[in-house]
1. Once you have a ≥ b ≥ c as the square roots of the Cα gyration tensor eigenvalues for the stretch 81-144, tell me rounded if a/c is under 1.5, and otherwise prolate or oblate according to whether a/b is larger than b/c.
2. Report the charge-dipole magnitude of the chain in Debye, nearest 20, computed about the Cα centre from +1 at each Lys and Arg Cβ and -1 at each Asp and Glu Cβ.
3. Expected output is a single nm value to one decimal: the length gained when fully extending between residue 51 and residue 176, i.e. 0.36 nm times separation in residues minus the C-alpha distance. What is it?
4. What FRET efficiency comes out for the pair residue 68/residue 131, r = Cβ-Cβ distance, R0 = 56 Å, nearest 0.05?
5. Take the residue pairs 111/176; 111/170; 101/170; 53/262; 111/173 and return only those whose Cα atoms are more than 26 Å apart.
6. Heads up, I need the accessible area for residue 194: 1.4 angstrom probe, whole protein in place, Å², nearest 10.
7. Using the heavy atoms of the protein chains and a 1.4 angstrom probe, tell me the accessible area per residue for the chain in square angstrom.
8. Projecting each Cα onto the charge dipole of the stretch 130-200 (Lys/Arg +1, Asp/Glu -1 at the beta carbon, about the Cα centre), which of 198, 166, 154 comes out farthest on the positive side?
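The values are calculated or read from the model by the stated rules, or taken from the named source; none is laboratory data. Everything numeric here is computed off the predicted structure, so don't read it as measured data. No Cβ is skipped: glycine too gets one built from the backbone with ideal geometry, and neighbour counts run over all protein chains shown. The accessibility values were calculated without ligands, DNA or RNA, using every heavy atom of the protein model including side chains. Shrake-Rupley method; radii C 1.70, N 1.55, O 1.52, S 1.80 Å.
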Amino acid sequence: MDHIKNRPTFDAPPRKKEVIEAILPEPNMLEQMSPWQTNFHQIEPGAMQTRVKARSGRLLSLLEISMNRSVHQQGSAPPDTLTFGFSLSDGDFRWRGAEMKKENFLTFGGKDGFEGLTDRAFHGVTFSVANTDLEILAERLGLPIDDRLRSSGIFDPAQGPDDIQCLTEKALKYLKSDGQIAMDVNDEEDMLATFLHLAADTSHHKDRCTGHDRTRAVRLALEFMEENAEHNIPISRICEAANVSLRTLHRAFHEVCGIGPKAYFLRMRLGLLRRALLNQDRIGGVSDAANQLGFWHMGQLARDYRAQYGELPSQTTGGYRLETVAHGS
């Protein structure tokens, strides 16, 4: 497992890992395909199926689960992890005796375990990360881990629903049955960084940086981005280079550039790719030019590129000539 601090390189071709998928006639059979310990009891009568998808990366393990009957859920998450989850169901349910809503997220605790009562058509996704790996990443991002995350309960984030939607969409993308979308350690770090930013307790951790500090942080971050534009650098590295927390860096970039640091860095790298495509004769092809800039997910690259430039990378043609326009006297 990559322990973040000692990673030798920023970039490497991501490894495609198999998505494990199963339809279980009995929900406690989840223990046979994962490190979860469960003691589920079906409450609502009727034929029941439990659909499960699972995928493990270097830092993060993802689990998608759906059940078509009301279930009393008890058990414990994978040991020595911090595990959190989001509901994808339209209805609410109860967790530790409290009402869970779609704009909240769940924490599963450690040895104390979890307990909840879910309605029919339950659908959710969970994220598990080793405690030590999350602590290292949190330190590098300057975002302390709220102690409440270590116990089972409902968390009402201060950051709003956008980060929740972002996390769930990314998880479901990596859990597609065909398993074609590779998930590298930078993708995992970015998901965890989004979660830590989402879970940050803004009432106890104020941003005390001055305007001068934030301007300096943007300058240092941009210098680091320029020096490493051929790599898909995780946000934690950029925070380290700028010597500020993730929250401060987000605020600084929005003040100066109008967008966040990751969005800025992506657009910088897309711009370099576009220049390369406009200046080449296509002998090497789009994939070679993209790989040289650390783009390995060609499907995601196509979507990002089209969103930025209104065309696919394959539609960007080289061989442009600069022409002067003569003006009459």
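1. Prolate is the answer for the stretch 81-144, as a/c is 1.5 or above and a/b outweighs b/c.
2. It comes to approximately 500 debye.
3. Fully extending the segment from residue 51 to residue 176 adds 43.7 nm.
4. Plugging the Cβ-Cβ distance into 1/(1 + (r/R0)^6) gives 0.95.
5. 111/176; 111/170; 53/262; 111/173
6. Surface open to solvent at residue 194 totals about 20 Å².
7. Heavy-atom SASA per residue in the chain reads 50 Å².
8. Working it through, the farthest residue towards the positive pole turns out to be 154.
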